[in-house]
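Single-structure report; data block below.
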Amino acid sequence: MKRIKAIYPGTFDPPTNGHLDLIERGSKIFDELVVAILRNPEKDPLFSVSDRRSMLEAMTSGFDNVSVDTFDGLTIDYALRIEATAILRGIRAISDYEYELQMALMNRKLQPGLETVFMMPAEKYSYLSSRLVREIAQLGGNIECLVPELVAQKLHEKIDPAHKFEIAAQADREEKKSRSRRKKS
């Protein structure tokens, strides 16, 4: 019996509950699913590739058939390199469909043996995008219901000046305690 290996490519900056929804559902369809983080030189990411990889690995640790990897270049070249036969893509709206259809047709033209599988997100995530999450977080909005807890924490650490101040204050307190202990010794 032929095993089906698929890739779910994207920048995942940051990973959202919508991404996790597709990963969970994709893991039930494919024998193996590789969440493939694209290193895109045209985008200015909020999180480094290694940060995104760490978050996605933590988010997917409960799935036996899901792994996380990084790549650059053409998605079809990466798929061939790891012997994947399918690409999983999420479609939220008509605007996504037009773009994704164009990409799927080009991928088929360049690599006819590689299939694209479109999946609709759960209704509660149909509006969700990484760009919106970044904007909401940067403007101080509540993102708790939009991303996993780990991602929300990392976003707050990255964006929230009060959080950065608290971390610096905590480090100062610990340094003062350490100096005080050394003086007493």
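The values are calculated or read from the model by the stated rules, or taken from the named source; none is laboratory data. What you are looking at is a predicted structure, and each value in this text was computed from that prediction instead of being measured. Cβ sites come from the backbone with ideal geometry, for glycine too, and all protein chains shown count toward neighbours.
Among the conditions (1) touching a strand residue (DSSP E or B) at 6+ places or on another chain (Cβ under 6 Å); (2) buried (at least 21 other Cβ atoms within 10 Å of the Cβ), Gly18 misses just one, which is (1).
Table: residues versus (1) of a type in the set (Ser, Thr, Tyr); (2) within 20 Å of Asn17 (Cβ to Cβ).
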position: Ile76; (1), (2): no, no
position: Arg92; (1), (2): no, yes
position: Tyr127; (1), (2): yes, yes
position: Gly141; (1), (2): no, yes
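Taken over the range 25-55, the residue count meeting the criterion of being acidic (Asp, Glu) and at pLDDT below 95 is 2. Only helices (runs of 4 or more DSSP H) whose full extent lies in the range 77-172 are considered here, and the ones with at least 1 residues that are touching a His at 6+ places or on another chain (Cβ under 7 Å) and either surrounded by 12 or more Cβ atoms within 10 Å (Cβ to Cβ) or modelled with pLDDT of 90 or more (or both) are 149-159. Just the residues that are among the hydroxyl-bearing types (Ser, Thr, Tyr), farther than 20 Å from Arg92 by Cα and out of contact with any Ser or Thr (no Cβ under 9 Å at 6 or more places or on another chain), please, taken from the range 1-57. Across the range 1-57, the qualifying residues are Ser48, Ser54. Taking into account only those residues within the range 104-145 that are of a type in the set (S, T, N, Q) and touching a strand residue (DSSP E or B) at 6+ places or on another chain (Cβ under 7 Å), which is nearest to Thr85 (Cα to Cα)? The residue in question is Thr116. Filtering Arg81, Arg134 for residues that are within 25 Å of Pro41 (Cβ to Cβ), of a type in the set (Lys, Arg) and in contact (Cβ under 8 Å) with a residue 40 or more places away in the chain leaves a single hit, Arg134.
For the range 49-60, the condition holds for at least one residue, the condition being that it is closer than 24 Å to Ala122 by Cβ and assigned to a loop (DSSP other than H, G, I, E, B). Picking from residues in the range 61-75 that are touching a residue at least 24 places away in the same chain (Cβ under 8 Å) and either among the hydrophobic types (A, V, I, L, M, F, W, C) or part of a loop (DSSP other than H, G, I, E, B) (or both), the one that is surrounded by the most Cβ atoms within 10 Å (Cβ to Cβ) is Val68.
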